[in-house]
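Q: Before anything else, here's the structure in question.
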């Protein structure tokens, strides 16, 4: 008796293949699309770091992207080869890239450039580092006595996004020095915290030239206390940012805090703009600090208008 072999009908085999293809094809397309998109969202920045004086390449220079937002990927860094060349693989879009000397060297100022990266394409950013200048800031009180332990920042003028800000604290002589500062105008800002949690700022402008020293003496002149009361805040747990600026737009005092509505700012003489914001609400009031300064100002917050595109 002949035994009949058990085989699947040909029609069932064809149906099974079709079903597999119907399921697998979209999945393959999704995977392939993800890979293509992932590759398309990445670009490369290449370039060369050299000395501005003679064009000689700088080996071991640090080249790095600068963090633009806490939600974005962390910075990417590399070092140049013996020929001064480097390569960075980065996300597409706007990138701010800084080049500086190796930590073991000094004498040249760092430089920051903006680079637009298009996915899958090559972008070029060359750096010519020039000699930096030296800045010395002396901080004294209203009587001329040195003030030790206060924070000092240097900010370029006009303010530049992602520019590296030299910072330090004054020594016992009330002096802090900065080396290899980039050429151009800058503002020396002195920050001092007071016991109630607010920050008071003094500032002075200066000009930095390569190979030269710029010195500034910042006097912490007398300040007057102004109580700032915030009204009409919608949410009781809102975080408030309080800022005070002088007639030139320079920040001279600041404070912040949640579940607080009263703040004390220490302000100099002159016309002062006091602003408050929660991110969803904001308001601004002008006050004049003179021989008989006001003791209090009420800032009534209003909703920030929504911009419709």
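FYI, it's all coordinate maths here, none of it is from the lab. Since the structure is predicted, the reported quantities are computational estimates derived from the model, not experimental observations. As a convention, Cβ positions derive from the backbone with ideal geometry for all residues, glycine included, and neighbour counts pool all protein chains shown.
Q: How big is the gap, in Å, between the Cα center of the stretch 230-309 and the Cα center of the stretch 202-220?
A: Each part reduced to its Cα centre gives a spacing of 30 Å.
Q: Over the alpha-carbon set of the stretch 86-220, divide Rg by the Kirkwood Rh and report the Rg/Rh ratio to two decimals.
A: Radius of gyration relative to Kirkwood radius: 1.07.
Q: Based on other C-beta atoms within 10 Å, arrange 300, 222, 111 from fewest to most.
A: By the 10 Å Cβ count, ascending, the order reads 222, 300, 111.
Q: Could I ask something else about it? For residue 134 and residue 219, what is the calculated FRET efficiency with R₀ set at 25 Å and r taken between the beta-carbons, to the nearest 0.05? It would help to have the intermediate numbers written out before the result.
A: Numbers: r = 21 Å, r/R0 = 0.86.
With R0 = 25 Å, the Cβ-Cβ based efficiency is 0.70.
Q: Quick check on the exposure proxy: order 129, 220 from fewest to most C-beta atoms within 10 angstrom.
A: Final ranking by Cβ density, sparse to dense: 220, 129.
Q: Each label point is 7 Å from the Cα along the Cα-to-Cβ direction; what then is the distance between the points at residue 261 and residue 171, in nm?
A: Spacing of the two 7 Å Cα→Cβ label points: 4.9 nm.
Q: Report the calculated FRET efficiency for residue 302 and residue 104 (r = Cβ-Cβ distance, R0 = 51 Å), to the nearest 0.05.
A: That pair, residue 302 with residue 104, gives E of 0.40.
Q: Residue separation times 0.36 nm, minus the C-alpha to C-alpha distance between residue 231 and residue 284: what's the value? If you can, show how the numbers build up before the last one.
A: Details: separation 53, 0.36 × 53 = 19.08 nm, distance 1.18 nm.
Between residue 231 and residue 284, full extension yields an extra 17.9 nm.
Q: Give, in nm to one decimal, the length gained when the segment between residue 273 and residue 52 is fully stretched (0.36 nm per residue of separation minus the Cα-Cα distance).
A: Full extension of this stretch gives 75.3 nm more.
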